[in-house]
Amino acid sequence: MDEVLTAVDGTSTSSAAASGAEAASLLPYNLPLISAFLAFALAQFLKLFTTWYKERRWDSKRLLGSGGMPSSHSATVTALAVAIGLQEGTGGSAFAIAIVLACVVMYDASGVRLHAGRQAELLNQIVCEFPPEHPLSSVRPLRELLGHTPLQVVAGAILGCVVAYLMRNTN
């Protein structure tokens, strides 16, 4: 027997599709935000392998730590800026804000934080040379991996660009 599609049947299927679309819109797809978080997570994950390559040991602390190759800070802000540029164009104020933010973060990562880490390394060496009876000899060492070399910043920026571009093309 042939099925007959009535007007009621047509509206019920279209309303079901509409309710499915409404459910999907409850979780908005934000390309810049997703690109930034994905670039951050990927950069942190890659640090496991770059640390192993350099030091020949697995260091799970690299998953959450700062410093190292590639710069997750650079990857995050670059992915954000590139995704905004791809989605909204480069003429808007959101792109301008994202670019300025990216420049500040990358400058800070390779400048102030890098030098603070080098100072911490030097201070830790000095404290290690104190005699045991010195009041500062038992002070907990300072964190040394704070910043990034320019190469680590550039690698993170390239990673961020690639992630944002691939996210845009998969959408």
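What ranking do Cys128, Cys103, Cys161 get, fewest neighbouring Cβ atoms within 10 angstrom at the top?
On the way: Cys128 9, Cys103 12, Cys161 18.
Fewest-to-most Cβ neighbours within 10 Å comes out as Cys128, Cys103, Cys161.
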Exercise. Evaluate the distance, in nm, between pseudo-label points positioned 7 Å from the Cα of Ala96 and of Asn30 along their respective Cα→Cβ axes.
Key: 2.2
Quiz prompt | For the stretch 43-50, 3J(HN,Hα) per residue [Karplus equation, 6.51 cos²θ - 1.76 cosθ + 1.60, θ = phi - 60°, Hz, x = Gly/Pro] | solution = 5, 5, 5, 5, 4, 4, 7, 5
Quiz item: Between Leu166 and Arg118, what FRET efficiency comes out of the Förster formula 1/(1 + (r/R0)^6) with R0 = 25 Å and r the beta carbon distance, rounded to 0.05?
Solution: 0.10
Practice problem: Arrange the peptides 43-53, 73-83, 149-159 so that the one whose residues have, on average, the most other Cβ atoms within 10 Å appears first. | Solution: 73-83, 149-159, 43-53
Quiz item: Under a 5 Å amide H to amide H cut-off, with H placed in plane at 1.01 Å, what residues pair with Met69 once short-range neighbours are removed?
Solution: none
Quiz item: How large is ³J(HN,Hα), in whole Hz, for each residue of the stretch 160-169 in order, when computed from phi with the Karplus curve 6.51 cos²θ - 1.76 cosθ + 1.60 and θ = phi - 60°, using x for Gly and Pro?
Solution: x, 4, 5, 4, 5, 5, 5, 5, 5, 7
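Order of Glu88, Glu129 from fewest to most other C-beta atoms within 10 Å?
Numbers: Glu88 15, Glu129 8.
Taking fewest neighbouring Cβ atoms as first place, the list is Glu129, Glu88.
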Self-check item: Inter-part distance where the stretch 40-59 and the stretch 93-171 are each reduced to a Cα centre, Å
Solution: 15
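We did not get these values from a lab; they are worked out from the coordinates using the rules stated. Keep in mind the model is a prediction, meaning the values are calculated, not measured. Positions of Cβ are generated from backbone atoms using ideal geometry, with glycine treated the same way; all protein chains shown enter the neighbour counts.
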